[in-house]
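S.K.: Let me begin by handing over the structure; questions about it come next.
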Amino acid sequence: MLGLLLAALGALYRFMAENAAAITVFGVVTGSLLLLAYFFSKIGTRKAVAASTPPALPSAPTRAPGPTTSRAGAQDHFGIRQVQTAGRAGASARWIESKESVTVQGIPISGGLFYLGISIAAENQEIDKYVINPKLAARSSSPDVTGTSMPYWPSYADITPAARRAFLDWMSGGRQGVAYGVGHVFLFFYGLEHRQFIDRDLASTPRMVAEVERLLSLYGDSHSFRGYAKTFLDLSRCSAGVPLEVPQPSAERTGSSEIDVAVRLHLGRRLTQSKTILSEDALLWVLALPDVYLRTAAVRCFDEFVALWHVRFRTRFPEGLPVAVKGNIRLTYHAASGLFEVEVHGPHENYPDICQVATSPEPLRQLVQDCTEELDGFSRFVGRRPEVRDSVQAALLLPDELLKDPDFGALRDFGQRLAELMGEHNRASTKMRDMLELAEFDLPENGKVSPPLADQLGQALDRIDVAIEPDRRFGGGAPQLDDQVFVFKAAGGGPVDPERAPYRSMKAQVEVAVLAAASDGEASSEELQRVIAGIKDGKDLSGVERARLIAFAVTIFNSPPKQARVMKRLAERSDAEREAIANAAVAVIGGADSVNPGEVKFLERLHKALGLPKERVYSELHRATPRSDEPVAITQERRETGIPIPKKQETAAPSVPGGVKIDAGRLARTQRETEAVSELLANIFEEEVVPVAITPPPASSSAAMIAFEGLDKPHAELVELIELKGTIPRSEFDQRAREMKLLSDGALERINDWSFDHFEEPLLEDGDDIVMVPHLRGRLAELRETTA
């Protein structure tokens, strides 16, 4: 085999030596033909490109003044190494201005703002990702309008012809077809990024910013595009030295892992002026923190949240919050195409960066949580009944500080309607039904006013400096729809301490005196005057206490309390109180010209309930009965019927803000009822009724930290005690009630009244032991869960 190989090589050598001239000629001819073929192919390519582009080509893209770049790659203003496209065979793309029109694959495109050609050079690489290459096929009978065939980071060079056709159609149609997928939008957007931050074409910045804002209005539903577009707009303006708009607090989240650029610049400018930030800027800062997410209450009630934030911040930081910053702002643009990152220079580099602080924002995070928790009750109410967001009932669930503004809508309108009712004397006698309608409360479907509803009305009146009697919060009952109530002007709603001895004693005297006046079957105005005279003569009573007691007397005079209930509570009074109560009753009955047997029997029952001797009734009556020297009536007066006085025509119902009309007839009737007692009350209500410095007992409120809505804290604690044990001795119940400054019988009655409102039966059984009805213990647990 070796011999044969050597023989073949020798023969080949001899052939080449003998035919060297012929072989040389053949090589020259073949090379010439190949060169001619290459030359003609280059001419064809240039003609194809020329046919697809306008004849006039700028020699180079328009650039802002600055350092020039060379092929070697000198750094530009952004610190990016660029390679000039001139003279390179592959980098043949150019920027199409907004006023130019071109045709690509037979599709006319106007409006420019994109690269056309093969590729562009940047960072020592050729980029064709967002360059429209007119040589690439874009014909399809079914264009991919939605972009389903396009990858997450689309490239014009790599997408399918169907996708290219849809993209060119979208460009031709003015880039506004909402049916097109966001992939087409991003493919166009990539080119704008390159032009703005690599080529740094500041002359085109306004046009590109306007275009991105237009696209954002069309395709802003895409969370991804919205984020990239906003960053583009902010940093484009920063690079051009255009100030950003002052940011406003918002409950919306950007989804960014960094603080918003506009917030950083705004706070940076503020920190150059002062190292202390106030509530407005502190709110912007904390809401921009990536790890702060607002809960439902703050999002649903954002306006109320912002108002409460300012109140609470100024309380905790009256001088503002000092902030120590460790560095200035540095901005970097991260391209949506993923091909480059550049540092953005501008005036912002002189501002302190809130992202680089030595001060912990933890106190602000805690303040956000605290404000949100304060709005939980209001938020739940609004969530269940959004149509009554601006109602008085909803306003009651807001913190007091938010309602101090006299122009607060719902309460302002309620106050104006009530002022129309009370008139110039600032007082009125009316029905509970009318008061609920004026407050725009829903009337109870079962016709019974529950204690919580009565408390809500009282709290609303407190906010507009009006007192109501009877007031359940200060020892009265819950007036029913047709019961008479009396309202009058009093600062803060005229709060009093119902357990203060002088007030408590006088209120018992008023109840007994009214019972005494009604004991003969008919109460007269003279008897009411004697009751009011007793209130005026009462010792150690403030002006607002006298006003409440007189209003209370007026309201119960026509509807006296149940005699058995009043008598039952009298045994717990002190000796001095019992005598004062007995004297008040004797004064009302003995002040008349005559005393009938029914009134005497009442006084006997009263003295027995008070533990006073029966004989005392007669001796006290003897001293109290006046000696009359008036003429004796001989004949009965006869009145002749005359011409009746015509009734005054009623005027049209006046209207007040808030959309509620006051019935003129009802208003006139109410004012007549008020005038009937106005003379009696004229002097007392002219006295000072500024509330004394006594903290009223905690009122029922859905915002209060109590277990059961409708019971104040002491009564709720009694319920929880019995719920825990099931049964307790009556003596222990009485002792716990006294410790809480409650009357044991009154506490038992109030708890059972509350139970009737919620369960339609009493909760506690009275006897030697106080027993909780067994089947209601489970209902209590359910109620606690629903109100938690």
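The values are calculated or read from the model by the stated rules, or taken from the named source; none is laboratory data. Just so it is clear, the model here is predicted, and its values are computed rather than measured. Every residue, glycine as well, gets a Cβ built from its backbone with ideal geometry; the counts of neighbours run over all protein chains shown. Areas reflect the complete protein model, heavy atoms only, side chains present, ligands, DNA and RNA absent. Shrake-Rupley method; radii C 1.70, N 1.55, O 1.52, S 1.80 Å.
S.K.: Please go through segment 221-260 and give me each residue that is part of a loop (DSSP other than H, G, I, E, B) and either among the hydrophobic types (A, V, I, L, M, F, W, C) or within 24 Å of residue 200 (Cα to Cα) (or both), ordered by number.
M.R.: 240, 241, 242, 243, 244, 245, 246, 251, 259, 260
S.K.: I'd like the full set of residues that are within 16 Å of residue 352 (Cβ to Cβ) and in contact with a helix residue (DSSP H, G or I) (Cβ under 7 Å, 6 or more places away or on another chain), limited to segment 269-280.
M.R.: 270, 277
S.K.: While we're on this one: Residues in segment 374-393: is at least one at pLDDT 90 or above, among the acidic types (Asp, Glu), closer than 30 Å to residue 759 by Cα and in contact with a Pro (Cβ under 7 Å, 6 or more places away or on another chain)?
M.R.: Within segment 374-393, one or more residues are at pLDDT 90 or above, among the acidic types (Asp, Glu), closer than 30 Å to residue 759 by Cα and in contact with a Pro (Cβ under 7 Å, 6 or more places away or on another chain).
S.K.: Could I ask something else about it? Restricting attention to segment 746-788, and to residues there that are under 24 Å from residue 497 (Cβ atoms) and open to solvent by less than 30 Å² (accessible area, probe 1.4 Å), which single residue is modelled with the lowest pLDDT?
M.R.: So, considering only residues that are under 24 Å from residue 497 (Cβ atoms) and open to solvent by less than 30 Å² (accessible area, probe 1.4 Å), the one modelled with the lowest pLDDT is 746.
S.K.: Shifting gears a bit: Among the residues of segment 487-507, write down those that are of a type in the set (A, V, I, L, M) and either at pLDDT 90 or above or surrounded by fewer than 18 Cβ atoms within 10 Å (Cβ to Cβ) (or both).
M.R.: Scanning segment 487-507 gives 487, 490, 491, 496, 501.
S.K.: Return the pairs, sorted by first residue and then second, in which the second residue is charged (D, E, K, R), the first residue lies in segment 711-732 and is farther than 30 Å from residue 456 by Cβ, the beta carbons are less than 6 Å apart, and the residues are 6+ apart or on different chains.
M.R.: Sorted first by the residue in segment 711-732, then by its partner, the pairs are 727/769; 729/769; 730/768.
S.K.: Given the conditions (1) surrounded by 15 or more Cβ atoms within 10 Å (Cβ to Cβ); (2) in a helix (DSSP H, G or I), and given that residue 272 satisfies all but one, which numbered condition is not satisfied?
M.R.: If we test residue 272 against (1) surrounded by 15 or more Cβ atoms within 10 Å (Cβ to Cβ); (2) in a helix (DSSP H, G or I), just (1) comes out false.
S.K.: Considering only residues that are surrounded by fewer than 18 Cβ atoms within 10 Å (Cβ to Cβ) and not charged (D, E, K, R), look in segment 248-269 and name the one that is farthest from the chain's Cα centre (by Cα).
M.R.: 257
S.K.: Let me ask something else about it. Restricting attention to helices (runs of 4 or more DSSP H) lying wholly within segment 514-610, give those where 2 or more residues are at pLDDT 80 or above and closer than 19 Å to residue 483 by Cβ.
M.R.: So the answer is 543-557.
S.K.: Residues of segment 127-155 being in a loop (DSSP other than H, G, I, E, B) and touching a strand residue (DSSP E or B) at 6+ places or on another chain (Cβ under 6 Å), which ones?
M.R.: Answer for segment 127-155, where residues must be in a loop (DSSP other than H, G, I, E, B) and touching a strand residue (DSSP E or B) at 6+ places or on another chain (Cβ under 6 Å): just 134.
S.K.: For residues in segment 712-737 being assigned to a strand (DSSP E or B) and modelled with pLDDT of 85 or more, which is most open to solvent (accessible area, probe 1.4 Å)?
M.R.: Once the filter is applied, the top-ranked residue is 729.
S.K.: Shifting gears a bit: Inside segment 319-348, can you point out the residues that are open to solvent by less than 40 Å² (accessible area, probe 1.4 Å) and free of Cβ contacts under 8 Å to residues at least 60 places away in the same chain?
M.R.: The answer is 320, 321, 323, 327.
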